[in-house]
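Reviewing the structure listed below.
Nothing in this text is a laboratory measurement; each read-out follows from the coordinates by a stated rule. Treat the numbers as computed from the prediction; the structure is a model and nothing was measured. Using ideal geometry, Cβ is built from the backbone for each residue, glycine included, and neighbour counts are taken over all protein chains shown.
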Amino acid sequence: MSDAEFSTRYEETLIAIEDAVENSGADLDYETVNDILTLTCPDGSSIIITRQSATRQLWLAAKSGGFHFDMTTEGWVCDSDRESLIHKLANIFREQAGVDINFSDMAS
């Protein structure tokens with residue numbers, strides 16, 4: 001994957017996450033600044049998504065830890081446990097924010 005393809009996929013993913021959060025009606029604030037998406041939960045904790053261009057990874061930080069995702073033919077996949085970004089996000093939002101958000105419409 002070229003740098004341009006990585007950037008495009010990352011940016012599309014941020015937009016899809018924002019859309020899923022917005023469509024859920026959940027009481028979550030979010031903001032994207034300098035390609036970093038910060039989602040603030042009702043308890044004040046944050047879920048942060050950023051890119052690591054050098055390794056062509058998407059990084060996710062939450063209360064439960066930090067996770068690194070590689071783009072594969074199946075979409076973004078966590079390099080430590082092979083869980084998809086879609087499933088990891090759904091679990092993190094359920095555990096950390098107490099909300100169910102459907103990320104299944106996200107493009108892989």
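Tabulated results
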item	result
Hull-based mean projected area of the chain, where the convex hull spans the alpha carbons, in square nanometres	6.2
Using alpha-carbon coordinates, inclination of helix 3-24 to the longest axis of the chain, degrees	20
The chain: calculated mean residue ellipticity at 222 nm from DSSP helix runs of at least 4, using -39500 (n - 2.57)	-9000 deg cm²/dmol
Furthest towards positive pole of dipole, Phe67, Ala16, Gly44, structure part the chain, Cβ charges	Phe67
Electrostatic dipole magnitude of the stretch 3-97 [Cβ: Lys, Arg +1; Asp, Glu -1; Cα centre; debye, to 20]	300
The stretch 29-70: C-alpha gyration tensor shape, a/c 1.5 cut-off, then a/b vs b/c	oblate
Computed label-point distance, nm, for sites Tyr30 and Asn102 using a 7 Å Cα→Cβ extension	1.6
Added length on full extension, which subtracts the Cα-Cα distance from 0.36 nm per residue, Asn91 to Ala54	10.6 nm
